[in-house]
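Everything on this sheet refers to the single structure shown next.
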Amino acid sequence: MTIDSIIVLIGYIILHVFSVAATESCLSSHTRKDGPYRKIRPIWMALYILISVLPILGTFWPESALKYEIMKYGNIWIGFDIYYCGFLLIFTIIDRVIRNIRSRKTEITLQPSRWTLILAIILALILPSYAMVHAQHPVVTYWTADLTKGEQEKGTYRVVLLADFHMSVNSDPALIEKTVELSNAQDADAVFIVGDFFTSNYEGLKEPEKYIAALSQLSAKEGVFGVYGNHDVKENLFCGFAVAPVSKAFRPHEMEEFLEACGFIMLEDGTIEIAGGDIVLAGRYDKDRVGDGTNIRKNAEELLDGIDPDRMIFVLEHEPKDYAELASAGVDVAFSGHTHRGQIWPCNYFIGLFNENAYGRKNVNGMETFVTSGIGYFGPPQRSGTDSEVMVIDITY
Ligand SMILES: [Fe+2]
């Protein structure tokens, strides 16, 4: 296992030992010693522990249909559970601090009060339930960029930017169908899909033909162009972290055949001309997972070798990274996804700490960058505080 995944696994276990112990001590202290709770206590504890182990089982279970069922329900569970554990921990600490201040004592205990427990349960039911429904309703957002720099304009190029379908055990073809419908209604010059079509497995995707049928309807005047993301490889993940090193991460041919059947033009560290030759479109391999067991890809200079930097250059780059390198190579606009804008509350408040541009439009060293919130979801099938997004960008050049 990688160091990252070991740390996350230990954190997950510690959090669950706390939540089981804290819940139990609260329930015990508020029920009669000879009451009915004593009889059901072993049952709920065993059930809670069993369900909490699902995400771990899903990661390490051998390849089979059962593995992907465990992963599916493990992801749904984790979406509720992480809020329960989080709220319980935070509310308990706040409650304890307030009590200590009032009583002027320093009592160190993590036993939640009755109201702390009830509030954590209610919020852990309401928030994920809303987020599961909200995740299935993509919205269209409109953006502009003026690249003329005071010169005579040649025209306007309309791009629909999509990303992060994350087709896997918890995806729903209906979301992809809605996305295609919204995108096609924009009458775009091109659709750019900037990676993470899948979530690190292909075998977990049920009825791929339904997805292909929907995605092959996606259209634009000049076509649909794509690049691969860090999850368009085969990998075992625990809570989003790969358990094996990058040398084990290969792209299965099924993923490539799927995208070929959709009619997408995949750019693999390559370039193509669009807008009648006015614009050079470059597409990069993912920074962390190229798909051949390495993270070695062309640098920006190699990618654009032989291309006049004074030409209009667009780059599809899954992760919003290496902006300075792209800008100094003469890139005018970089299109990315990957961040999901944080996907679920409150991650949307922190995602900006880890990315130069976590969402929307930002000018970096004279280069315009656009990052979409993406379509699908990673892990829990939820979106809260963020939207599933079809980003429409009109670029004047
Ligand atoms: Fe990604």
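Computed from the coordinates by the stated procedures, all read-outs in this text should not be read as laboratory data. As the structure is a computational prediction, the values presented were derived from the model and not from experiment. Backbone-built Cβ (ideal geometry, glycine too); neighbour counts: all protein chains shown.
What to note about this one:
- Adding -39500 (n - 2.57) for every DSSP H run of four residues or longer, then dividing by how many residues the chain holds, sets the calculated 222 nm ellipticity at -13000 deg cm²/dmol.
- Every Cα-Cα pair of the chain was included, and the share exceeding 29 Å stands at 48 percent.
- Acute angle (nearest 10 degrees) that the helix 253-262 long axis makes with the longest principal axis of the chain, alpha-carbon atoms: 60 degrees
- Dipole check for segment 3-133: with +1 at the C-beta of Lys and Arg, -1 at the C-beta of Asp and Glu, and the Cα centre as origin, the magnitude is about 760 Debye.
- The alpha carbon radius of gyration of segment 100-147, expressed as a multiple of 2.2 N^0.38 Å, is 2.25.
- Cleavage-rule hits, GluC sites (Glu not before Pro), segment 131-182, DSSP coil, Cβ neighbours within 10 Å at most 13: GLU151, GLU153
- Bridge type composition, the chain - antiparallel percent by DSSP, nearest 5: 40 percent
- Taken over segment 139-396, lysine pairs spaced eight or more positions apart, or on distinct chains, with alpha carbons under 20 Å apart number 13.
- Inter-label distance, ILE93 to LYS221: 5.4 nm, where each label sits 7 Å from its Cα along the C-beta direction.
- Computed over segment 3-133, the P(r) tail beyond 23 angstrom holds 42 percent of alpha carbon pairs.
- Put simply, the convex hull of the Cα atoms in segment 238-321 casts, on average, a shadow of 7.0 nm².
- As a proxy for reagent exposure, ranking SER328, SER168, SER247 by other Cβ atoms within 10 Å from fewest up yields SER247, SER328, SER168.
- Rounded to the nearest 20, the Cβ-based charge dipole of the chain about its Cα centre (Lys and Arg +1, Asp and Glu -1) stands at 3160 debye.
- Furthest towards positive pole of dipole, MET132, THR106, THR116, structure part segment 96-147, Cβ charges: THR106
- Among HIS166, HIS16, HIS231, the ranking by other beta carbons within 10 Å of each residue's beta carbon, starting with the fewest, stands as HIS16, HIS166, HIS231.
- For segment 178-308, the normalised intensity computed at q = 0.12, 0.15, 0.18 Å⁻¹ comes to -0.52, -0.79, -1.06 (log10 of I(q)/I(0), Debye sum over alpha carbons, equal scatterers, no solvent).
- The mean sequence distance of close C-alpha pairs (under 8 Å, at least 6 residues apart), as a share of the length of segment 232-321, puts its relative contact order at 27 percent.
- Backbone geometry of segment 122-135 corresponds, through the Karplus equation with coefficients 6.51, -1.76 and 1.60 at θ = phi - 60°, to 3J(HN,Hα) couplings of 4, 5, 6, 8, 6, 4, x, 5, 4, 5, 5, 6, 4, 4 Hz, x marking Gly and Pro.
- Net length gained if the chain between SER328 and LYS105 were fully extended (0.36 nm per residue, minus Cα distance): 74.3 nm
- Segment 33-101-segment 302-363 distance, computed between alpha-carbon centres (Å): 37 Å
- About its Cα centre, segment 325-397 has a charge dipole of approximately 260 debye under the convention of +1 per Lys or Arg Cβ and -1 per Asp or Glu Cβ, with nothing else charged.
- Among ASP164, ASP288, a tally of other beta-carbon atoms within 10 Å of each Cβ gives an order, fewest to most, of ASP288, ASP164.
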